[in-house]
1. May I ask you to verify whether residue 84 is in contact with a helix residue (DSSP H, G or I) (Cβ under 9 Å, 6 or more places away or on another chain), exposed (fewer than 11 other Cβ atoms within 10 Å of the Cβ), free of Cβ contacts under 8 Å to residues at least 40 places away in the same chain and within 26 Å of residue 186 (Cα to Cα)?
2. Quick one: which residue in 163, 212, 155 is more than 30 Å from residue 64 (Cβ to Cβ), without any contact (Cβ under 8 Å) to a residue 60 or more places away in the chain and part of a loop (DSSP other than H, G, I, E, B)?
C-alpha cells in the first residue's frame with residue numbers, strides 16, 4: 001500500500017507539471033497569435049536579425065576592452081559551463097516551471113558576476129562608458145524618429161508635446177523596472193511589455209484615424225524593405 005500511495009502521489013505531481021507546461025505552451029501560442037495579428041509574417045525574421053545585431057554589438061564591446069589571452073580563455077570556459085548548466089536545467093523534468101525559472105535566473109546572475117569578476121577596474125569603466133554611449137545614441141535615434149514622425153504625420157504642437165511626455169514617462173518607468181533588484185528577468189520583461197502596450201494605446205488616443213493609418217503604412221513599408229534585403 002505505501003508503494004501504491006507513493007506512485008499515486010508521484011503521478012499527481014507529474015500531472016501538475018504537465019498542466020503547467022501545457023498552460024505555458026498555450027500562453028506562448030496566444031502571445032504569438034496576438035503578435036501575428038499586429039505584425040507581418042516576417043516579424044520572426046526581424047527578431048532573429050535583432051538578436052544577431054545584439055550579439056554582434058556585444059562582441060564589438062568586448063573587443064574594445066582589450067582582453068588578455070588569459071581573460072579570453074576564462075570567458076570561453078565560463079560561457080561553455082553556463083551553456084551546459086542551462087541545457088541540463090532544460091532537460092530536468094523533476095521541477096516545476098516556477099522552480100526552473102528561478103534556477104535559470106540564479107544561473108544567469110551567477111554567470112554575470114563571474115564574468116564581471118574577470119574584468120579590471122579600467123575594463124569595467126570602459127564597459128560603463130560604452131553603455132552610456134549606447135544610451136546616448138538610442139536617445140538620438142529616438143529624437144530623429146520623432147522629428148520624422150512630426151513631419152510625416154503633420155503632428156500639431158499639442159500632439160507632439162503629449163507624445164514626448166508619454167515617451168519620457170515610459171522611459172523612466174522602464175529604467176525603474178531595470179534597476180529593481182527585487183524583480184527577476186522574466187517579471188521585468190512582462191512589466192516592460194505591459195508598459196510598451198500602454199504607450200501604444202496612449203499613442204492611439206493622441207493620433208487621428210488618418211495619422212494612425214499613415215503610421216501603419218510606414219511600418220509595413222519598412223518591413224517590406226527589410227524583407228527584400
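1. No, not satisfied.
2. Numbers: 163 fails: part of a loop (DSSP other than H, G, I, E, B); 212 fails: part of a loop (DSSP other than H, G, I, E, B).
Matching residue, one of 163, 212, 155: 155.
Any read-out appearing in this document is the output of simple, stated calculations on the displayed coordinates, not a laboratory observation. From a predicted model like this one, the values you see are computed outputs, not experimental measurements. When we count neighbours, we look across all protein chains shown, and the Cβ atoms used for this are built from the backbone with ideal geometry, even at glycine.
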